Every structure is written in C-alpha cells, then in structure tokens.
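Just below is one structure, and these are the notes that go with it.
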Amino acid sequence: MTHSRLRSDLGQTLPIYIWVTGILLFVAFAFFAFAQAASARNGAQSAADAAALAAAQDSRDELVEGLLLSIGEGDDWLDWLAGDKYTGAGAQEAADALAAENDSTVTGFASTEVNGRPGYRVEIRTDYTVGDSIIPGTESQHANAEATAVIKPRCDADPAADPQKVVEFDCDGDESFEVDPDDFQPGDLPDASVLFSVHLAD
C-alpha cells in the first residue's frame, strides 16, 4: 500500500517538476533575449555619441585652423574664435568613420543648433543584429540610436577690442592669453580644447 502511494506521488510530482523547469528555462531565455537587446541598444548609443562628437571635433579643428590662418590678415579673425566661420565640410565624413569603427552606419546627419550653440545631429544603425533568441525576428533586427554634439566657444574678448592690436582673451575664467596680430606665432594659442569645448547635448 505504501509503495503504491509512493509511486502515485512520484507520478503526480514528475509532471509538475517538468512544467516548473520548463517555465524557468523560458524565463531564463527571455531574460537573455532582453539582455541581448539592451546590449545592442547600448552599442548603438555609443556609436551615435562617438559619431556626433567626431563631427563636432572636426569642425572645431577647422575653426582652429581658420583662426591660425586669419590672424593678422584682416579684421574678421575674431569671428573664427567666436565659432562663426566653419563650413563643416569634413564633419559628415568624420561621423561616418567613427560609426564604421563601431560597426554602425550613419543613416541621418544634419547641422543643428542647441541653446544657440552650433552642432550636429547624427542617427545611426548598427551593422550587427540583436541575434537569435526566443523572440521572433531578433535575428534580423538592427539597433538604432541618435545623438547631438555641440561646439561651444570658451574664450571671450572685450567687444571693443581692436583686432589690429593686442587682444586679451579670458577662457571660462580658467586661462587667459593674448594675441598680437603683428607678432603672432601658432604656439601663442592654447590647445583647441581650451578655445572650444565639444560635448553631447543634454
């Protein structure tokens, strides 16, 4: 009688065990699928951030180069330091290159302005997919993301300063320097990061 009851209990428990194990496996695979998707999204956002920053940094380099060439050549060289003169000719190429380094492709690119600061808005799509999972369609699903980076001039001069004479600049209160158009050397300028900050828009 006892053996019969034991066999009966085991017979009832086994299906429950199999059912619970199946549920736990499904939950584990579901979490894995969500983790895959989250990883793809994070990778896409990192690629978008890098591409947008690369575009802005390329234009910052153009501003510094233009400033170096324009000092002493006329009265408009201060406009370069104010961030008003760049063309952005190489910005998209820079964004494309950084996106490619992160296994992604730029799908949208545009100049923009955030709080009066010029910059670039970049949209990307990952070249890789989320991958196989229990969720149908993830094996062909790519992640998308967008980011905006802006260029902010950090140095100010007295609005009444004469560009034909010595001009003193104050850079965010941290550093100051002078430019003498009649006796200028490229080494007189501080690093590009002192002249302009490049950062992601909030």
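Read-outs throughout are calculated quantities, based only on the coordinates presented, and are distinct from any laboratory measurement. Only a predicted model underlies this, so the values are computations on that prediction, with no experimental measurement involved. Heads up, the Cβs are rebuilt from the backbone with ideal geometry, glycines too, and the neighbour counts pull from every protein chain shown.
First select every other residue whose beta carbon is under 9 angstrom from the beta carbon of Glu146; then total the charges, Lys and Arg +1, Asp and Glu -1.
That sum, taken over residues with Cβ under 9 Å, equals 0.
Taking Lys and Arg as +1 and Asp and Glu as -1, the other residues whose beta-carbon sits under 12 Å from that of Ala50 total -4. At an R0 of 41 angstrom, the distance between the Cβ atoms of Asp180 and Leu200 translates into a FRET efficiency of 0.70.
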